[in-house]
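Here the structure comes first, spelled out in structure tokens, and everything after it is commentary.
The values are calculated or read from the model by the stated rules, or taken from the named source; none is laboratory data. None of these values were measured; they are calculated from a predicted model. Here the Cβ positions follow ideal geometry from the backbone for every residue, glycine too, while neighbour counts run over all protein chains shown.
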Amino acid sequence: MTGQVSFDSHARNVLAASVEYVNRLTPGYSGGTPYPAPANEAQAVSDALAAIGYPRPSVEPDDARRLAVLAGRMRIVFEAAHAGDVDRAADEVNALLVDTNSRPQLDRRNDGWSLHFHGPDDGLVNGWAAGCAAGLALALGTGLAGRLGVCAAPQCDRVFVDVSRNGQRRFCSPQCQSRVKAAAHRARQAS
């Protein structure tokens, strides 16, 4: 074993979706600049799924609005876990699990059985939201709450899941890490 955190493929996918939804649908800061809520939430949802390798779905505006609200609640989970308030994170995940009617279920696919956390007839929003809630619950329930992070760079509040070996990731992206290192270098040079 390498020591690197290994989520199974389904947990990895729903956690990646959680990160994409939070980062694309919630306002804040990204890379040192203000990040407004998206003007076209349906496009942002489609982009989030494309970013994790899923086909771009057709998303209704009402569904995108609901998913944006749920992404705001997922942000609470990341922020609480990052701050070490696992009780707060767990309370929010439990509420998300109830609100999305998340339930484990095996669905038959062409290549065998696949674990999902929603019914086969659930729509896009509830399907992904239930899966994201379950993925966050798996992270919290398996002692990996500390792997849910918020970028440490100034003026960036994008979230991430730390799957590194040593669990010391602090930044959402290499760009933010470079930005912080460059600023530290300039500060050392100035003094």
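Quick notes on this one:
- Helices (runs of 4 or more DSSP H) fully within region 80-191 that include at least 2 residues being of a type outside the set (A, V, I, L, M, F, W, C) and within 30 Å of Asp62 (Cβ to Cβ): 86-99, 124-141.
- Some residue of region 44-60 being in a helix (DSSP H, G or I) and in contact with a strand residue (DSSP E or B) (Cβ under 7 Å, 6 or more places away or on another chain): no
- Sub-9 Å Cβ pairs linking a first residue in region 161-177 that is within 15 Å of Phe78 (Cα to Cα) to a second residue that is acidic (Asp, Glu), at least 6 apart or interchain, are Arg169/Asp162; Arg170/Asp162; Cys172/Asp157, ordered by first then second residue.
- Within region 1-43, tally of residues that are assigned to a loop (DSSP other than H, G, I, E, B), under 17 Å from Arg147 (Cα atoms) and either modelled with pLDDT of 95 or more or hydroxyl-bearing (Ser, Thr, Tyr) (or both): 2
- When each of Ala51, Ala64 is tested for being in contact with an Asp or Glu (Cβ under 6 Å, 6 or more places away or on another chain) and crowded, with 19+ Cβ neighbours inside 10 Å, the lone residue that passes is Ala64.
- Qualifying residue in region 80-96 (condition: surrounded by 14 or more Cβ atoms within 10 Å (Cβ to Cβ) and closer than 16 Å to Gly127 by Cβ): yes
- Which numbered condition Ala48 misses (of (1) in contact with a Ser or Thr (Cβ under 7 Å, 6 or more places away or on another chain); (2) modelled with pLDDT of 90 or more): (1)
- Condition check for Arg158: surrounded by 22 or more Cβ atoms within 10 Å (Cβ to Cβ), basic (Lys, Arg) and under 19 Å from Ile76 (Cα atoms): yes
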